[in-house]
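To start, the structure under review is shown below, and the notes come after it.
The values are calculated or read from the model by the stated rules, or taken from the named source; none is laboratory data. The shown structure was predicted, so the numbers you read here are calculated from the model rather than taken from an experiment. Backbone-built Cβ (ideal geometry, glycine too); neighbour counts: all protein chains shown. Only protein heavy atoms, including side chains, enter the accessible area calculation; ligands, DNA and RNA are left aside. Shrake-Rupley method; radii C 1.70, N 1.55, O 1.52, S 1.80 Å.
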Amino acid sequence: MATETTEAAVGACVDAGGSALGMPQLCADWMPNQIFWLVITLIAIYFVMSRIALPRIGAVLAERSGTITNDIAAAEELKTKAAEAEAAYDKALLDARAEANKIVAEAKAEIQAELDVELQKADAEIAAKTAESEAAIAEIRDSAKQNVVAVAKDTAKELVAAMGGSADAKTITAAVNARMKG
Amino acid sequence: MAEEKAEGGLVFHPLDQFIVKPLFGDGPVAWYTPTNVTLWMGIALLAIIAVFVLGSRGRAIIPTRLQSIGELIYGFIYKMVEDVTGKDGVKYFPYIMTLFLFILFANYLALIPMSYSPTSMIAVTAVLGFGVFICVTILGFVKNGASFLSLFWMSDAPLILRPIIAIIEVISYFVRPVSHSIRLAGNIMAGHAVLKVFAGFAALTLVSPVAIFGIVAIYGLEVLVAGIQAYVFTILTCVYLKDALHPHH
């Protein structure tokens, strides 16, 4: 670019070689331009932000935190359910154990009762058998005694006859009975 | 500002990068002329639209990378506004977001070689700074009426000291926009000028390794400064807004 046109174009803030004279920041010729475009840019950014970007991002963030909250609540619920299920399982286990114990005790009691009945029955039978046997023994003993008396009478009579005497049956019986008693 | 050195005819023009040039032709720079300022502000606007509008286009519950960048910036600024100004400051969030995004994107785009840095211009940052100052002051009087002036009247201080503190407070209040705008422009301008000076030295064979290392180091510093200055400008805006909404200490 030619020196003359440059100087004519950009005015007092630039020297003939196209370098800045002083600080470009302080060149009053350029300030309105910067301010104008700054205001335009800021307004544009503000509208883009407040109309489109910020509501959208805000909604996304809200939705995300909502989703996270819901998920955490669901997880909490599932945890509670799991705890409940565990408690129910424990209770069922306990009940089953108690039931089993009860059944065992019942069975034991039943068997005991049956056993008692059988024992009694057996005892009674044994007692009856004993009594019967005793009666039989007594009978045998009685009949033996009578036989002994009869044999003694006969023997006594024969003895008396053998000795040469005679004795009537009455006397012999009395003597034998007296002897038996003695 | 051009420094000249005898050896090798080394010429520095570290401030030439800030010259405002018309985009088309060589005509004078009128207030409406599209210039390199316009171009780089427009690129900043397009970049913002790319990240925040195109990036969030999917409205995905599980965000894409671009969308999560937008969401991070949104969350960062939203939390800052909420923490500093309180719940009733949240309705000014879009304005503060606009300021932050403009400064952030202009700062970072200015780090592209051969680019132009609008935030290094005093006129630009003064509009931002005084804009915040004027809006906040008007808002303070609208919201609180005359009791906004209690911002300057320290009711905790001893009675004798209160008028003196009030004078200091008033002065500091009116210095706010000046420091607010010069801080940003000064940081960005200084960084870019230093980069240019190192680049000038890089032409000298003897010191060029040092100069190039210096460019790398300063560039790294400028990357930090670009983000930090955007953050500082925004958080100070939030603090001033808080003073306007709750002037009572």
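Laid out as a table, the results:
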| item | result |
| --- | --- |
| So B:Ile160, is it open to solvent by 40 Å² or more (accessible area, probe 1.4 Å) and within 14 Å of another protein chain (Cβ to nearest Cβ) | no |
| Residue within the stretch A:83-97 that is closer than 30 Å to B:Ser56 by Cα and either basic (Lys, Arg) or more than 9 Å from the chain's Cα centre (by Cα) (or both) present | no |
| Residue check for B:Lys242: more than 13 Å from the chain's Cα centre (by Cα), part of a helix (DSSP H, G or I) and within 25 Å of B:Ile96 (Cα to Cα) | yes |
| A:Leu54 being more than 7 Å from chain B (Cβ to nearest Cβ), of a type outside the set (Lys, Arg) and without any contact (Cβ under 8 Å) to a residue 40 or more places away in the chain | no |
| Any hit, the stretch B:125-142, residues being assigned to a helix (DSSP H, G or I) and more than 25 Å from the chain's Cα centre (by Cα) | yes |
| Single residue of A:Thr5, A:Thr67 found to be assigned to a helix (DSSP H, G or I), modelled with pLDDT under 90 and at the interface with chain B (Cβ under 7 Å from one of its Cβ atoms) | A:Thr5 |
| Options A:Ala12, A:Ala62, A:Ala16; residue that is at pLDDT below 90, part of a helix (DSSP H, G or I) and within 14 Å of another protein chain (Cβ to nearest Cβ) | A:Ala12 |
| Count of the stretch B:191-217 residues which are farther than 18 Å from B:His13 by Cα and either touching a Cys at 6+ places or on another chain (Cβ under 7 Å) or open to solvent by less than 60 Å² (accessible area, probe 1.4 Å) (or both) | 2 |
| Selected residue (criterion: nearest to the other protein chains (Cβ to nearest Cβ)) from residues of the stretch B:31-68 that are open to solvent by 80 Å² or more (accessible area, probe 1.4 Å) and over 30 Å from B:Phe18 (Cα atoms) | B:Arg59 |
| Residue check, B:Ile228 modelled with pLDDT of 95 or more and surrounded by fewer than 16 Cβ atoms within 10 Å (Cβ to Cβ) | yes |
| Selection from the stretch B:135-148 of residues that are within 20 Å of B:Ile167 (Cα to Cα), touching a residue at least 12 places away in the same chain (Cβ under 8 Å) and surrounded by fewer than 17 Cβ atoms within 10 Å (Cβ to Cβ) | B:Ser147 |
| Enumeration of residues in the stretch B:77-87 that are free of Cβ contacts under 8 Å to residues at least 12 places away in the same chain and within 12 Å of chain A (Cβ to nearest Cβ) | B:Lys79 |
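Here's the yes/no breakdown for (1) open to solvent by 20 Å² or more (accessible area, probe 1.4 Å); (2) in contact with a His (Cβ under 8 Å, 6 or more places away or on another chain); (3) within 15 Å of B:Gly191 (Cα to Cα):
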site: B:Met80; (1), (2), (3): no, no, no
site: B:Ile96; (1), (2), (3): no, no, no
site: B:Leu104; (1), (2), (3): yes, no, no
site: B:Tyr108; (1), (2), (3): yes, no, yes
